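Just so you know, all these numbers are worked out from the coordinates, no wet-lab data involved. These numbers come from a predicted model, not from an experiment. Cβ sites come from the backbone with ideal geometry, for glycine too, and all protein chains shown count toward neighbours.
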Amino acid sequence: MYFYSMQTVLITGGTGMIGQALAKQFIATGYEVIIISRNPKRSSREHLSYAKWDVEKSEIDLEALSKADIIVHLAGEGVADKRWTVKRKQAIVDSRVQSGNLLVKALSENKHKVKTFIAASAIGWYGPDTVASLEHGFEETNAPDNSFLGNTCLLWEQSTAAVANMGIRLVTLRIGIVLNKKGGALAEFLKPAKFALAVILGTGKQIISWIHQSDLCKMIQYAIETPALQGIYNAVAPNPVTNKKLVLTIAKNTYPIYFPSFMPGFLLKIILGEMSIEILKSTNVSAEKIQNAGFVFDYPVIDEAIINLIK
């Protein structure tokens, strides 16, 4: 149960799917919301307003920043939106690092009342599963993987780390594969389901660490409203599943008849290039730390999550 608040939350990346859902949740529970965007042309309404920033020019609306009690930093180019060309990979890194640097600079150089900063990161921090991770799950203390996403997450987290030295409580959430109704990973898995196909990727044995969007939004608000939370937490459901389990769960809840099929790894590599490495990677991530901090998932198992999202 959330308490009501007249605090103001500034959200970067607030026009994305997670940001929009989060804004609605915040407004419903008594927060004022400012969404900061490159194109803040949307109409403001009660408890919701828009402000402008330009990360490339290192510009941010300082009036909006001065109103914020809390910052939720979600901004960053979509990792899976396009093929990973050299240019695209640079954009993925720059959008995260430069935006983090801009926020740190603005907070360090201007008067503000920000007390809490929630920063997004991702489970791309972790590498392929090991014997230990298969048994216990990757934990927040594990070192970053020496890969594109591992290095990206390292730079991403480093870009906001200085916030903790400003007397601001910093919580960083390493977010897993987010399942929601309107797009993202679930939408991609649903495409072949329209043809009654359950397309399993590679061997299907790779473990996917996922989270229902509702639980992610709830976790972000829990991090805001729980002063004891500080540092890094994995934002994943406590029951990761194999790709095969996920695909078949989606299929059986979509159509009464479906036909399992496999897409070989080599074909994925041809279609997606380097990005296929991440899709075929098994990453078993632990939710133990956030659970030990008192967070309770509404959708801890995949069957409940998929039924909620599809039906």
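Key figures
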read-out	value
Nearest-ten-degree value, helix 243-252 long axis tilted from longest Cα axis of the chain	80 degrees
Whole-Hz couplings from phi, Karplus 6.51/-1.76/1.60, listed for region 155-165; x for Gly and Pro	5, 4, 5, 5, 5, 10, 4, 5, 4, 5, 8
Most mobile listed residue (ALA80, ALA161, ALA223) in the chain, GNM with C-alpha springs under 10 Å	ALA80
3J(HN,Hα) from dihedral phi, region 231-238, Karplus parametrisation 6.51/-1.76/1.60, rounded to Hz, x for glycine, proline	x, 9, 9, 6, 9, 9, 5, x
Max mean-square fluctuation residue, GNM over the chain, Cα-Cα springs under 10 Å, options GLY13, GLY167, GLY231	GLY167
Fluctuation leader among THR172, THR130, THR12 - the chain, Gaussian network, Cα springs under 10 angstrom	THR130
Selected from VAL33, ALA228, VAL86, residue furthest toward positive end of dipole (the chain; charges at beta carbon)	VAL86
Amide H contacts of ILE60 (H built 1.01 Å from N, under 5 Å, at least 5 apart or other chain)	ASP54
Between region 224-295 and region 34-104, the alpha-carbon center distance in angstrom	26 Å
Over 18 Å between alpha carbons, listed pairs LYS182/LYS289; LYS205/LYS281; LYS82/LYS311; LYS82/LYS269; LYS181/LYS218	LYS182/LYS289; LYS82/LYS311
Cβ charges +1 (Lys, Arg) and -1 (Asp, Glu), total dipole of the chain, debye	880 debye
Those lysines that a straight Cα-Cα span of less than 18 Å connects to LYS67, excepting residues fewer than 8 apart in one chain	LYS52, LYS105, LYS111, LYS113, LYS115
Whole-Hz couplings from phi, Karplus 6.51/-1.76/1.60, listed for region 190-202; x for Gly and Pro	7, 4, x, 5, 4, 9, 6, 10, 10, 8, 8, 8, x
Bridge type composition, region 8-310 - antiparallel percent by DSSP, nearest 5	15 percent
Degrees between helix 213-225 axis and first principal axis of the chain (Cα, 0 to 90, nearest 10)	30 degrees
Separation in nanometres of the label points that stand 7 Å from Cα toward Cβ, at LYS87 and ALA187	2.3 nm
Nonlocal amide H pairs with THR242, under 5 Å, H built at 1.01 Å	ILE208
For the chain, Kirkwood radius (reciprocal of mean inverse C-alpha pair distance, Å)	20.1 Å
For ALA198, residues with placed amide H under 5 Å, excluding near neighbours	PHE259, SER261
Cα gyration tensor category, rounded, prolate or oblate, for region 206-280 with a/c compared to 1.5	oblate
